[in-house]
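The values are calculated or read from the model by the stated rules, or taken from the named source; none is laboratory data. Quick caveat, the model's predicted, so the values are computed rather than measured. Cβ coordinates were reconstructed from backbone atoms using ideal geometry, including for glycine residues, and neighbour counts include every protein chain displayed. Heads up: the accessible areas ignore ligands, DNA and RNA and are worked out on the full protein's heavy atoms, side chains in. Shrake-Rupley method; radii C 1.70, N 1.55, O 1.52, S 1.80 Å.
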Amino acid sequence: MTTVQQQYPDAAESKHGVLKILVLGFNENERRLLHAIVKLSKRRNPALHLLDESEGQLADVILIDALDKNATSWAEAQPWLVDKPVGWVDTPRDVPTGHSKLNRPVQWPILPMLLSRILFKAGDSNGAKQDSETTPSASDTASETVAPTAESMQGKRVLVVDDSLAVRQQLKIFLEKSGLVVSFAENGEAAITSCRTASYDCILLDVLMPGIDGYETCRRIKALPQKMQETRIIMLTSRTSPFDRIRGKMAGCDAYLTKPVLPQKLHEVLSQYLLS
């Protein structure tokens with residue numbers, strides 16, 4: 001099996017956003033155009049990287065040729081596909097909520113834009129679903145008008161995931177002043193290991209780190225047992241584009257703050273999620 005890093009060895013060192021895509025079906029000419037666009041994107045933002053079918057669940061976006069029987073047969077055999085951002089090309093059928101319909105000819109030169117639209121639609125759909133499941137009652141809304149204090153966060157456990165020692169030290173000072181119990185991880189792999197053996201009320205997660213990035217780290221943590229699905233994950237990153245925010249949302253993060261984060265803003269977000 002060809003992995004992302006094996007197929008694109010410079011991916012791990014890229015400072016650009018990386019969008020992992022799975023493309024199923026399409027004719028020879030379409031495939032040729034696709035690979036040309038992927039090659040051109042390597043030094044752009046986002047950089048596109050093609051996955052193999054066996055890596056489908058790692059894809060950020062999936063593009064399916066609905067006129068290709070092998071592609072549609074594969075799609076029908078994947079129950080998890082309904083929750084993925086998917087674009088169906090030339091499908092005569094209705095598609096699952098959050099999926100997108102596209103027509104031929106596919107505008108390959110603007111493929112990153114098309115993929116972003118697919119991500120936006122899936123993100124909006126998931127957001128609406130989450131909002132409907134967590135709509136507060138009148139009494140809940142009234143109770144939230146009370147301004148949160150540091151005491152309300154006293155003793156809550158927070159995991160800070162960042163490869164920068166300076167950032168970890170700065171956050172340690174701020175968080176401990178707010179009464180929080182702070183733990184640290186220097187990369188995504190260490191964070192996942194820590195979450196398997198300890199529980200946290202909140203995770204502050206950097207995006208650009210050695211090894212797996214913050215998006216993949218977030219996905220894997222959210223896939224751990226139920227106690228971790230309930231843990232709030234706040235991404236802290238210097239990336240500010242709508243594309244990056246959508247990737248964070250699709251990975252399962254609860255909030256997305258750009259660096260440098262003002263202490264007051266971080267306190268507001270932490271209070272929102274850590275109120276007892």
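Coupling constants for region 260-268 follow from the phi torsions by the Karplus curve (6.51 cos²θ - 1.76 cosθ + 1.60, θ = phi - 60°), and in residue order they are x, 8, 5, x, 5, 5, 5, 4, 5 Hz; glycine and proline get x.
The modelled label-to-label distance between Gln154 and Lys101, using points 7 Å beyond Cα along the C-beta direction, is 5.8 nm. What a 1.4 Å probe finds exposed on region 174-276 is 51% carbon and sulfur by accessible area, rounded to a whole percent. Looking at region 173-276, the GluC sites (Glu not before Pro) that sit in a DSSP loop and have at most 13 other Cβ atoms within 10 Å of their own Cβ are Glu230. Taking a 19 Å limit on the Cα-Cα distance, which of the listed pairs Lys121/Lys222; Lys69/Lys101; Lys20/Lys259; Lys121/Lys249; Lys222/Lys249; Lys39/Lys69 fall beyond it? Beyond 19 Å between Cα atoms: Lys121/Lys222; Lys20/Lys259; Lys39/Lys69. Once backbone amide H atoms are built at 1.01 Å from N, Leu51 has Ile21, Leu22, Val23 as its partners under 5 Å, excluding neighbours fewer than 5 places away on the same chain. Amide hydrogen proximity for Leu102: with H placed 1.01 Å from N in the peptide plane, the residues at 5 or more positions away or on another chain lying under 5 Å are Trp88, Val89, Asp90, Thr91.
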